[in-house]
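What follows is a short report on a single structure.
The values are calculated or read from the model by the stated rules, or taken from the named source; none is laboratory data. Owing to the predicted nature of the structure, the values given are computational and were not obtained by experimental measurement. Counting neighbours? That spans all protein chains shown, and the Cβs are built from the backbone with ideal geometry, glycine included. SASA here: full protein model, heavy atoms, side chains in, ligands and nucleic acids out. Shrake-Rupley method; radii C 1.70, N 1.55, O 1.52, S 1.80 Å.
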Amino acid sequence: MAMNSILNHDDIKKAVDAFKAADSFNHKRFFDMVGLKGKSADDVKKVFHVLDADNSGFIEEEELKFVLKGFATDGRDLTDKETKAFLQAADKDGDGKIGAEEFAALVRE
């Protein structure tokens, strides 16, 4: 499933462009800018599944690094610092990965 079948293409482009600089990524602002915060729980789950590239049921640290590419092919990779901060914000049970419920809670923050 393509991300722009869930979210507006122009919103995705604006959000990805807003975080082009290294170490500028802010998940709260990003999710707000792409319009994910206003989406249904079902749509948030669809986005989670797109980002869960290996279909493990979790977004692991390695997948998180490429989260912007999940939204747009020209998105940059997150820096290690951004990846770790993103993981720390979302990983409430401390297992080193983000489950669907953790992702949904992070989007709603």
Restricting to lysines and to Cα separations under 25 Å from residue 14, and discarding same-chain partners fewer than 8 apart, the set is 28, 37, 39, 45, 46, 65, 69, 81, 84
Expressed in nanometres to one decimal, the distance between label points 7 Å along Cα→Cβ at residue 18 and residue 73 is 2.5
Helix-only [θ] at 222 nm, the chain, -39500 (n - 2.57) per DSSP H run of 4+, per residue, nearest 500, equals -14500 deg cm²/dmol
Applied in sequence order to the range 44-58, the curve 6.51 cos²θ - 1.76 cosθ + 1.60 (Karplus, θ = phi - 60°) yields integer Hz couplings, x standing for Gly and Pro, of 4, 5, 4, 4, 4, 5, 5, 6, 7, 4, 8, 6, 7, x, 9
Of the accessible area of the range 39-109, computed with a 1.4 Å probe and all protein chains kept, carbon and sulfur make up a percent value of 54
Mean Cβ-within-10 Å packing, highest first, puts peptides 25-34, 70-79 in the order 25-34, 70-79
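Quickly rank 86-92, 53-59 as a protection proxy: mean count of other C-beta atoms within 10 Å, highest first.
Result, highest mean Cβ count within 10 Å first: 86-92, 53-59.
Could you give the semi-axes, largest first, of the ellipsoid that matches the chain, computed as the square roots of 5 times the alpha carbon gyration tensor eigenvalues and rounded to whole Å? Present the calculation step by step, with values, prior to reporting the outcome.
Values: eigenvalues 67, 55, 32 Å².
Each semi-axis is √(5λ); the values are 18, 17, 13 Å.
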Along the range 94-108, Karplus-curve 3J(HN,Hα) (6.51, -1.76, 1.60; θ = phi - 60°) to the nearest Hz, with x for Gly and Pro, reads x, 8, x, 8, 10, x, 4, 5, 5, 5, 4, 5, 5, 4, 7
